[in-house]
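Heads up: the structure comes next, in structure tokens.
The values are calculated or read from the model by the stated rules, or taken from the named source; none is laboratory data. Quick caveat: nothing in here was measured; it's all calculated off a predicted structure. No Cβ is skipped: glycine too gets one built from the backbone with ideal geometry, and neighbour counts run over all protein chains shown.
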Amino acid sequence: MLHPDIRTNADRRDPDAALAEAVSLARALPALEVAGAQVVPSRTVDAGKLFGKGKIDELKALMHNEEIELVLVDGPVSPVQQRNLEKAWGVKLLDRTGLILEIFSDRAATREGVLQVEMAALNYQRTRLVRAWTHLERQRGGLGFVGGPGETQIEADRRAIDEQLVRLRRQLEKVVKTRALHRAARAKVPFQIVALVGYTNAGKSTLFNRLTGAEVMAKDMLFATLDPTMRSLVLPDGPEIILSDTVGFISDLPTELVAAFRATLEEVLAADIIVHVRDISHAESDEQAADVRDILTSLGVDDGIRTFEVWNKLDLLDEDAADALRQRAARDEDTLAISAISGEGLDTLQRAIAEALQGATRVADLTLGFAEGKKRAWLFDQDVVTEEAQTDDGFALKVRWSAKQEAQFQQL
């Protein structure tokens, strides 16, 4: 694993932390064994080979001694650079985009996720056809009726990829329509959506499993969860909600993947509450949080959506550091300090979500006739009934509800 550290880039993150994250990315693929990793300082980027000749020779000797078969470069590598480095080193090479695509391909479970991965991979391959065919004069035979006297192999490959992309887009449109129908069906049910978002490996899936009792893949690896998972959850003394676990965000996510996975994050756009889960024990937790906020903004998430910032993994900190964070979080009603592993703070988090969803509540007295069973059932489904007594004419109820619930009741 190589991380190019370009000295002219004043805005770069700490190179050692970036390298550690890249190694975690590589370890997310079971088929890979990371033999070594290093930051490669460089004043400039060589347009043809990325690194200078001396560094290339030095790395070649290292790879030969370690019997390296695959080199991962944590950053963008042009098709020409990739071809030249593979030739110089005698190995296969993947850049950051290629590695993330491999992980996404390994993780995708739903039909939509698989289609999106295939589309992103094809778009990536389309730009790198120069690797396979370096001689543009290579012609595919033909009678010349289409495309002149013939077409280059690159043109033929690119046309084949474009045709496959058209087919995938059609399939994806059908899947997205089906998801839209499911969302429309959920909209008719008075369940509000709470979306968990956060940097990859922040502990979203562990929190999701702890709250819902589900068995979503939750491992200490990047991109453990790729496809969104949704489960119903009844909050203590509160409403029933739909909790959504989403794919983890990451810095410098390739633009092809942001576009490809926009549909996967549709549940975030439809959320009533966003819970931003942070790994507060991570050395670059603040930078990761900024990356998440930037991606949410790029997705078009409304600033008006109530967002809770949840500082997870208190269990990984010493008691003094954890206590200091608890005190800081207590000063902001939208910040909570928790541990999804130990369960600390989860009751407080659920109460905060319930209060935010219900808004200001008030008590009301209702009288329902025996024939109004549908309305009575709805009130109990909403968990707003605090007292009930049967009368000669029906039922006398005392309810505590929000203005939204009262308006919904009036429509029954």
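Looking across Val216, Val189, Val175, one residue alone is at pLDDT below 70 and surrounded by 15 or more Cβ atoms within 10 Å (Cβ to Cβ). It is Val216. Is it the case, given these coordinates, that Asp279 is within 30 Å of Ala180 (Cβ to Cβ), in contact (Cβ under 8 Å) with a residue 24 or more places away in the chain and within 18 Å of the chain's Cα centre (by Cα)? Spelling it out, it is not the case that Asp279 is within 30 Å of Ala180 (Cβ to Cβ), in contact (Cβ under 8 Å) with a residue 24 or more places away in the chain and within 18 Å of the chain's Cα centre (by Cα). With respect to (1) out of contact with any helix residue (DSSP H, G or I) (no Cβ under 9 Å at 6 or more places or on another chain); (2) closer than 30 Å to Arg293 by Cα; (3) surrounded by fewer than 15 Cβ atoms within 10 Å (Cβ to Cβ), the lone exception for Lys374 is condition (2). Candidates are the residues of the stretch 299-318 that are part of a helix (DSSP H, G or I) and modelled with pLDDT of 95 or more; the one that is nearest to Gly359 (Cα to Cα) is Leu314. Candidates Leu336, Leu314, Leu299: the one that is of a type outside the set (Gly, Ala, Ser) and surrounded by fewer than 17 Cβ atoms within 10 Å (Cβ to Cβ) is Leu299. Does Thr391 fit the bill of being of a type in the set (S, T, N, Q) and outside the structural domain of Leu316 (by TED's automatic domain parsing)? Yes; evaluated as a whole, the condition is true for this residue. The strands (runs of 3 or more DSSP E) falling completely within the stretch 1-101 that include 2 or more residues that are among the hydrophobic types (A, V, I, L, M, F, W, C), touching a residue at least 40 places away in the same chain (Cβ under 8 Å) and under 29 Å from Gln116 (Cβ atoms) map to 70-73. Working only within the stretch 50-74, note down all residues that are crowded, with 18+ Cβ neighbours inside 10 Å, within 28 Å of Arg126 (Cβ to Cβ) and either assigned by TED's automatic domain parsing to the domain that holds Tyr124 or not β-branched (Val, Ile, Thr) (or both). Result: Leu50, Phe51, Leu72, Asp74. Inspection of the stretch 274-281 finds no residue satisfying the criterion of being out of contact with any Leu (no Cβ under 8 Å at 6 or more places or on another chain), in a loop (DSSP other than H, G, I, E, B) and at pLDDT 95 or above. Evaluate the following for Gln288: is it surrounded by 13 or more Cβ atoms within 10 Å (Cβ to Cβ), under 21 Å from Ile250 (Cα atoms) and touching a Ser or Thr at 6+ places or on another chain (Cβ under 9 Å)? For Gln288, the condition - surrounded by 13 or more Cβ atoms within 10 Å (Cβ to Cβ), under 21 Å from Ile250 (Cα atoms) and touching a Ser or Thr at 6+ places or on another chain (Cβ under 9 Å) - is met. Set side by side, the residues Leu129, Leu99, Leu115, Leu50 differ, and just one is modelled with pLDDT of 90 or more and not charged (D, E, K, R), which is Leu50. Return yes when Val39 is within 29 Å of Ala290 (Cα to Cα) and touching a Pro at 6+ places or on another chain (Cβ under 7 Å) and no when it is not. Yes. In summary, helices (runs of 4 or more DSSP H) completely within the stretch 346-412 and bearing 2 or more residues that are free of Cβ contacts under 8 Å to residues at least 40 places away in the same chain and either closer than 17 Å to Pro239 by Cβ or β-branched (Val, Ile, Thr) (or both) occur at 373-381, 403-410. Looking across Glu333, Glu344, Glu309, Glu355, one residue alone is in contact with a His (Cβ under 8 Å, 6 or more places away or on another chain) and not hydroxyl-bearing (Ser, Thr, Tyr). It is Glu309.
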